[in-house]
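Encoded as structure tokens, the structure appears first; notes follow it.
The values are calculated or read from the model by the stated rules, or taken from the named source; none is laboratory data. None of these values were measured; they are calculated from a predicted model. Glycine also receives a Cβ, built like all others from the backbone with ideal geometry; neighbour counts cover every protein chain displayed. Only protein heavy atoms, including side chains, enter the accessible area calculation; ligands, DNA and RNA are left aside. Shrake-Rupley method; radii C 1.70, N 1.55, O 1.52, S 1.80 Å.
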Amino acid sequence: MRIGLNEEFSIGKTQLRGYGAAVRVDECSFHEAVKLDEFENQRVLRVTPSQGEHTVMQYQLSDELPSPPPFRLFHSLEREPSGRLLVYLKLRCDLPPKNAALNVVVNLPVPKGSVSLSQELSSPDQSAELQPISRAVRWEIPRFPGGGQLSALFKLEGSGLSAASLLEVGPVSLSFELPKLTCTGLQIRFLRLSPPLPALPQRWVRYVTHSDSYTIRM
């Protein structure tokens, strides 16, 4: 199998290729089944995999992201005289309008004295619950269109909640899925089997970005 990547794909900060917009990563490693004899000049990977699922290539980009982070969070914290804590979150999705994030989950650590939660959410398809074991509020958003904003007001009640308890709120962690999107701009030009089979196999390429560790300090 031959996989063609962007001709402008570069590894490291000094190596530039092609005439289009550069696609650069800091480091890159390949599966042992990948042959690199066509990679240097043509950016083509020759793969002879065994049965099963394989990670053909892993790469890392630590700075100078080609696109902004997909989410931005705005927040405010307040303690009422009754002792109830108010946490207001506004989450903005900075993806292009044609894209959307799926299965977005926001985890908000809360003070250990929190025993009950009431919430006001900006749309009916969202949900939120207090998870006592992990001491966190879990806010779930099934679909989040690019360019959109969603908000939530969480009202926490419990024993011993003081002004110092506000310091126990956060940081926020997110998990999500971004279909039809790669954060680096890396794309597959072609995917070909060699030698050709008598009948064309059912093959397709799907772009998807999964979150790993996405944390926002408050």
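Per-structure values
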quantity	calculated
Where a residue in the stretch 35-48 is at positive phi and its partner, wherever it lies, is at pLDDT below 90 and open to solvent by 90 Å² or more (accessible area, probe 1.4 Å), with Cβ under 9 Å and at least six apart	43/7; 43/189
Top-ranked residue in the stretch 132-150 [being more than 19 Å from the chain's Cα centre (by Cα) and modelled with pLDDT of 95 or more; ranked as nearest to residue 71 (Cα to Cα)]	137
Residue check, residue 203 charged (D, E, K, R) and modelled with pLDDT under 85	yes
Search result, residues across the stretch 152-176 that are open to solvent by 30 Å² or more (accessible area, probe 1.4 Å) and part of a loop (DSSP other than H, G, I, E, B)	159, 160, 162, 171
Selection from the stretch 30-41 of residues that are surrounded by 13 or more Cβ atoms within 10 Å (Cβ to Cβ) and either outside any strand (DSSP E or B) or hydrophobic (A, V, I, L, M, F, W, C) (or both)	30, 31, 33, 34, 38, 39
